[in-house]
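In what follows, a structure is listed as structure tokens, so that the remarks can point back to it.
The values are calculated or read from the model by the stated rules, or taken from the named source; none is laboratory data. These numbers were taken from a predicted model, which means no experiment stands behind them. When we count neighbours, we look across all protein chains shown, and the Cβ atoms used for this are built from the backbone with ideal geometry, even at glycine. To get the accessible areas, we keep the full protein, side chains included, count just its heavy atoms, and leave off ligands, DNA and RNA. Shrake-Rupley method; radii C 1.70, N 1.55, O 1.52, S 1.80 Å.
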Amino acid sequence: MEQALRGNEWRSEGKVRMKSQEYDVVVVGGGPGGSSVATLIARRGYRVALLEKETFPRYQIGESLLPATVHGVCRLLGVTEAMERAAFMVKRGGSFRWGTNPVPWNFLFAISPELSGPTSYAYQVERSKFDEILLRNAAEKGVHVQEGVSVDEVIADPERVRGVRYTDAKGAKHEIRARYVIDASGNTTRISDHVGGKRIYSEHFQNVALFGYFEGGKRLPGADAGNILCAAFDEGWFWYIPLSPTLTSVGAVISRNRAHEIQGDEAARERAFFSFIDRCALVKDYLKDARRITDNGIYGKLRVRKDYSYANTKFWRSGMALVGDAACFIDPVFSTGVHLATYAGLLAARSINSVLSGAMTEEEAFGEFEGRYRREYKVFYEFLCAFYDMQSNEDGYFWKAKKVTSFDSSAMEAFVTLVGGVSSKEAALVDANAVATKFESSSRSLANAVAATGDMTTRSGERMNHMFRVPVVGDVMQEMNQIQRRGVLGSGMKESPLLPGGLVPSDDGLAWARP
């Protein structure tokens with residue numbers, strides 16, 4: 001018989017006795033999304049526990065950050081100095097062999113005149129180091145961090161989610177009762193179904209990535225040496241991410257229909273990987289004097305990841321919210337993984353802080369959370385469609401499948417569900433022909449902007465970055481710019497609602513306020 005809980009007592013569950021604890025919030029997962037939401041709630045003085053199944057540092061893919069994360073969220077978290085001490089590779093933008101122009105070109109982070117100097121950069125990071133910085137910072141800010149633990153089940157009833165049960169590193173059973181549970185446990189989450197709804201996959205973006213690490217690879221010229229390089233080839237595209245002056249992450253993204261080419265043992269994957277490199281002249285040239293790392297360690301083997309774009313039809317229910325890959329994932333070409341995770345962490349923290357303080361109802365605060373989160377996913381998804389559509393090679397199967405004109409009604413229906421949730425009523429998203437026409441127009445605008453931007457040997461200060469004049473790019477940058485500005489300008493910055501009739505951030509950026 002279950003005994004009543006009070007304070008820090010023992011609870012009987014059949015023959016198992018487990019220690020029960022009470023917190024305001026329990027976060028499952030210690031990656032960037034989990035560490036961010038935990039820290040930003042703890043900063044308001046609430047009791048937060050974070051449960052992480054692994055022991056940091058640990059390997060993770062997704063090394064390329066965006067300025068909104070570095071100068072916006074990371075400043076709110078208080079890790080700016082730790083990031084600087086880590087001496088991560090400075091990333092001023094991205095360099096691409098992509099689209100109608102066969103000459104590689106640059107996309108820079110000079111987002112506005114007032115921010116083009118001190119914050120027009122991000123970092124390339126080794127995730128084992130970056131994620132540990134965020135997790136240790138959470139502990140320093142008052143979060144009760146536990147590593148090496150496994151969450152066994154979510155405590156819930158028809159009214160709301162009320163906590164979790166978990167097993168610690170020594171095998172002891174525990175229970176946490178909390179006002180909120182945050183699932184930040186990644187794409188392999190086992191608890192996200194407690195918010196209801198289901199995961200919907202994009203029918204348009206279902207790719208597979210094969211990747212490894214090299215020593216001694218070539219670097220882009222001059223100040224662009226830290227840029228991410230994305231290069232299209234007949235069967236897909238490559239990322240080339242400089243993590244240090246000598247260490248490079250290299251990955252081939254191909255259609256899932258070619259996944260059979262990368263199956264088998266390490267030797268088979270090795271042959272497939274280098275055959276892709278041979279078919280991409282730019283990456284082959286950059287690796288001609290490099291050595292793939294094959295010794296033991298986190299960088300010593302080839303890895304495969306399914307880069308399928310997806311989103312849950314629900315991001316929250318009473319007492320629980322999803323952030324990061326537990327909620328949604330999008331193709332890695334724009335380096336959005338950490339951005340979407342930390343952004344979602346910020347949104348969830350604002351919502352929880354607002355409810356716990358009594359400032360507003362759960363429905364109002366989390367309506368803003370889900371609305372902003374879906375909007376951010378949607379604009380990146382639209383940008384992704386237009387960006388893939390501008391690739392000039394229409395003969396290869398991969399690129400034919402990515403043309404927006406190939407969208408049929410069922411695929412467009414899936415897209416609407418993916419980005420808008422099952423309750424979406426946006427007429428502009430329902431008309432498949434209208435959306436395809438819009439994406440075609442965006443892809444032409446992007447192609448024209450690329451032609452005007454110049455090649456990647458052009459000194460970036462010598463010409464305007466025409467990409468920011470393209471409407472679909474402006475949509476993508478809108479909220480990231482606001483986060484970045486708030487990080488630079490600090491508290492007291494006034495913002496307008498992002499959503500019709502929506503909320504705005506509080507003065508300190510840690511909660512919601514009514515405009």
(request) Could you tell me which residue of the stretch 283-303 is farthest from G264 (Cα to Cα), considering only residues that are assigned to a strand (DSSP E or B) and open to solvent by less than 60 Å² (accessible area, probe 1.4 Å)? (result) R292
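What strands (runs of 3 or more DSSP E) completely inside the stretch 223-272 contain at least 3 residues that are touching a Phe, Trp or Tyr at 6+ places or on another chain (Cβ under 9 Å) and of a type outside the set (A, V, I, L, M, F, W, C)? Quick ask: steps written out before the conclusion?
Details: elements: 228-233, 236-242, 247-255.
Answer list for the stretch 223-272: 247-255.
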(request) With the checklist (1) modelled with pLDDT of 95 or more; (2) out of contact with any helix residue (DSSP H, G or I) (no Cβ under 7 Å at 6 or more places or on another chain); (3) not hydroxyl-bearing (S, T, Y) in hand, flag the one item V27 doesn't pass. (result) (2)
(message) One residue is enough: does the stretch 200-216 have a residue meeting the conditions modelled with pLDDT of 95 or more and outside any strand (DSSP E or B)?
(response) yes
(request) For the stretch 368-378, indicate whether the set of residues that are open to solvent by 10 Å² or more (accessible area, probe 1.4 Å), closer than 25 Å to A511 by Cβ, at pLDDT 90 or above and of a type in the set (G, A, S) is non-empty. (result) yes
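Given the structure, is G31 under 25 Å from I155 (Cα atoms) and either out of contact with any Leu (no Cβ under 6 Å at 6 or more places or on another chain) or basic (K, R) (or both)? Explain how you work it out, then say what you get.
Values: under 25 Å from I155 (Cα atoms): yes; either out of contact with any Leu (no Cβ under 6 Å at 6 or more places or on another chain) or basic (K, R) (or both): yes.
Yes.
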(request) Just give me the residues in the stretch 433-461 being at pLDDT 75 or above and among the charged types (D, E, K, R), in sequence order. (result) K438, E440, R444, D455
(request) State which residue is surrounded by the most Cβ atoms within 10 Å (Cβ to Cβ) when the search covers only the stretch 483-515 and only residues that are touching a residue at least 60 places away in the same chain (Cβ under 8 Å) and under 20 Å from T119 (Cβ atoms). (result) Q484
(request) All but one of (1) at negative phi; (2) out of contact with any Phe, Trp or Tyr (no Cβ under 6 Å at 6 or more places or on another chain) hold for Q391, so report the exception by its number. (result) (2)
(request) Quick one: R11 ticks every box in (1) within 25 Å of T248 (Cα to Cα); (2) among the basic types (K, R); (3) modelled with pLDDT under 95 except a single one, so which number is it? (result) (1)
(request) Considering (1) in contact with a Ser or Thr (Cβ under 6 Å, 6 or more places away or on another chain); (2) among the acidic types (D, E); (3) within 30 Å of A414 (Cβ to Cβ), say which one E203 fails and leave the rest. (result) (1)
(request) Among the numbered conditions (1) over 24 Å from V488 (Cβ atoms); (2) among the aromatic types (F, W, Y); (3) at pLDDT 95 or above, tell me where W105 comes up short. (result) (3)
(request) Please indicate, with yes or no, whether at least one residue in the stretch 310-327 is more than 30 Å from P158 (Cα to Cα) and of a type in the set (F, W, Y). (result) no
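Limited to the stretch 50-64, what total is found for residues that are within 22 Å of D307 (Cα to Cα) and either assigned to a strand (DSSP E or B) or open to solvent by less than 10 Å² (accessible area, probe 1.4 Å) (or both)? Explain how you work it out, then say what you get.
To start, the set of residues in the stretch 50-64 that are within 22 Å of D307 (Cα to Cα) comprises 58-64.
When the remaining residues are screened for being either assigned to a strand (DSSP E or B) or open to solvent by less than 10 Å² (accessible area, probe 1.4 Å) (or both), the result is 63-64.
Going through the stretch 50-64 one residue at a time, the tally reaches 2.
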(message) For the stretch 164-182: of the residues being buried (at least 19 other Cβ atoms within 10 Å of the Cβ) and more than 29 Å from the chain's Cα centre (by Cα), which is nearest to E54 (Cα to Cα)?
(response) H174
